[in-house]
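The values are calculated or read from the model by the stated rules, or taken from the named source; none is laboratory data. This one's a predicted model, so the numbers in the text were calculated from it and none came from an experiment. For neighbour counting, all protein chains shown are included, and Cβ atoms are generated from backbone atoms with ideal geometry for every residue, glycine included. To get the accessible areas, we keep the full protein, side chains included, count just its heavy atoms, and leave off ligands, DNA and RNA. Shrake-Rupley method; radii C 1.70, N 1.55, O 1.52, S 1.80 Å.
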Amino acid sequence: MSGAAFATSARTTKAAARGRGGVVAAQNRNAASVGADVLRAGGNAVDAAVATAFALAVLEPWMSGLGGGGTMLVRDPEAGSTAAVDFGMVAPAALDPADYPLTGAPGGDLFGWPAVVGDRNIHGPLAVAVAGSVDGLGLALERFGTMPLREVVAPAVALARLGLPVDWYVTLLVANAAADLARYPSSAAVWLPGDLPPRADPSGDVCYLPLPGLADTLEAIARGGRRDAYEGEVADAMLADLAALGSRIAREDLRRYAARILGADEVRYRDHKVAVMPGLYAGVSLGEALGLLPERPDLPAIAAALATALATRLAAIGDSPAAPASTTHISVIDRHGMAVALTHTLLSSFGSRLVLPRTGLLMNNGIMWFDPRPGRPNSLAPGRRPLSNMCPTIALAADGRTLALGASGGRKILGAVLQVLSAVLDDGLDLDAALARPRIDVSGTPAITVDPRLPPEVRSRLAARGSIRELRPSVYPLHWACPVAALRGADGQLSGATEPMHPWADAIALP
């Protein structure tokens, strides 16, 4: 696994991976290796992306997994079109807004909602929404992949049998969530051995944290297919645990759940084509921001476009200010030019903090996406899909390049995607330069957040728009979004790159 220093005064960079046989970029290098092996074995970009996503359920389990949901764009160069796979989470049909009474105090969650009694919308059984990951990843594989599910899931099964490799980053993230994980015996049993976060072996030997049940669950899905998690033995085990823990998710919720394949929305940006997710995702806001940019956009112009697009989002859709969330992104382009941008999430770090004991699944807290106040555009309601900040993007540049892009980071995702997109399309930067370029963010507070590495004259011009705050990138907290990108040049050269400050994120390219 790649490393990064805690110190933030030094310049931290990562070189893009380059080749012609395919490229996989992800927030964990070992998971990206799984996807690269699939490409090496003859699989296409969808096969590789789905294999990487299942591997991340083991290697980065607090960010995404079988208990979550996501979005995927698939660009098929032969068909000349981009499809959107929507496997977002859904509120259970028996959800009762009365289960989430307000305390009258401000909330401390990612979205700035008013506080709910007992934080029931943030952690625990009432925070869990119906998960879409297994159905969505399996459906994408059936429709666009070339390999059977059992082969694509097999590397994740092997990883789960071994367990999660423990290093300083694992210790750090588990320690940060330990207070909530300790609330639930099944979660504490996995994540707090001996009532403490796991720690790396001081001798340097690799040690592994067992993930009981997860390998068996993965094997059951590989054997029974994607619907096993909704109508088969995995569904039975999940429902038994959810009922015992007090969740309102019922058998009919799982049976009715269905991932959807739609046409991607296409945004014309000058002579470029930008494909985004339709519906309740950040694609519509990205399209609005792109339409507001001048011919040669600079950071003040980008700040203005983002502010307008976010104001529209707040007024029309009901989103609310947020800190970075816990999500993962995968970008893949194969040697034939098929491109995939896949964003996958549990929502918060460790989701609901609830591990289902029979399956070993760490479940989402998708109910937190909803506004607990009634009568709002995004209010809690039975059977409803919530608003989400996920923004997978595939751009076809006028000069023949193809960019697969996305990010994790909650409300910061939109701004990061816009700035990397502009760097590639407007300024012609390669991925090394585009992802290393200091960014701004306008999503968290009324002030513009500014990377202090930006030139003084740029910071002065941003300050002329209003107050600014300087926030230097760091390993933890990762104050900025984490973009993950793959690029195909007009000559067929492929490259992949990830956020330099993320200690695990990396790309692997085949020669």
Label point distance in nm, residue 158-residue 199, each placed 7 Å from Cα along Cα→Cβ = 3.3
Mind giving me the FRET efficiency for residue 295 and residue 143? R0 is 45 Å, r the Cβ-Cβ distance, nearest 0.05 is fine.
-> 0.70
Find how much the distance from residue 102 to residue 273 grows on full extension, using 0.36 nm per residue of separation minus their present alpha carbon separation; answer in nm with one decimal.
-> 57.1 nm
Let me know the charge dipole size of the range 206-280 about its Cα centre in debye, to the nearest 20, where only the beta-carbon of Lys, Arg (+1) and Asp, Glu (-1) is charged.
-> 400
With all protein chains present, how much of the accessible area of the range 430-473 (probe radius 1.4 Å) comes from carbon and sulfur, to the nearest whole percent?
-> 53
Longest to shortest principal axis, alpha-carbon extents of the range 45-188, angstrom = 55, 36, 24
Roughly to the nearest percent, how much of the accessible area of the range 88-208 is carbon and sulfur, given a 1.4 Å probe?
-> 57
Hey, can you rank 166-177, 344-355, 113-124, 386-397 by average C-beta count inside 10 Å, highest first?
-> 344-355, 386-397, 113-124, 166-177
Förster-model FRET efficiency, 22 Å R0, residue 427 and residue 467, C-beta, rounded to 0.05 = 0.20
Dipole of the chain (Lys/Arg Cβ +1, Asp/Glu Cβ -1, origin at the Cα centre): which of 35, 413, 67 lies farthest to the positive side?
-> 413
How many Å² of accessible area per residue for the chain, probe 1.4 Å?
-> 35
In whole Å, how far is the Cα centre of the range 326-363 from that of the range 207-239?
-> 16
Take the solvent-accessible surface of the protein heavy atoms, probe 1.4 Å, and return the percent of it on the range 219-309 that carbon and sulfur atoms account for.
-> 49
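State to the nearest 20 debye the size of the charge dipole of the chain about its Cα centre, where the only charges are +1 on K and R beta carbons and -1 on D and E beta carbons.
640
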Rounded to whole angstrom, the alpha-carbon centroid of the range 496-511 lies from that of the range 146-182 at a distance of 19
Across 5 Å bins from the origin, how do the percents of Cα pairs in the range 394-433 run, short distances first?
-> 6, 24, 34, 23, 10, 4, 1
Given C-alpha coordinates of the range 368-511, what is the ratio Rg to Rh with the Kirkwood estimate of Rh?
-> 1.03
How many angstrom separate the Cα center of the range 411-434 from the Cα center of the range 19-86?
-> 21
Can you run the Rg to Rh ratio on the chain? Use alpha carbon positions and the Kirkwood inverse-distance Rh.
-> 0.94
Can you tell me the dipole magnitude for the range 34-120 around its Cα centre, using point charges on the Cβ only (Lys, Arg +1; Asp, Glu -1), in Debye to the nearest 20?
-> 100
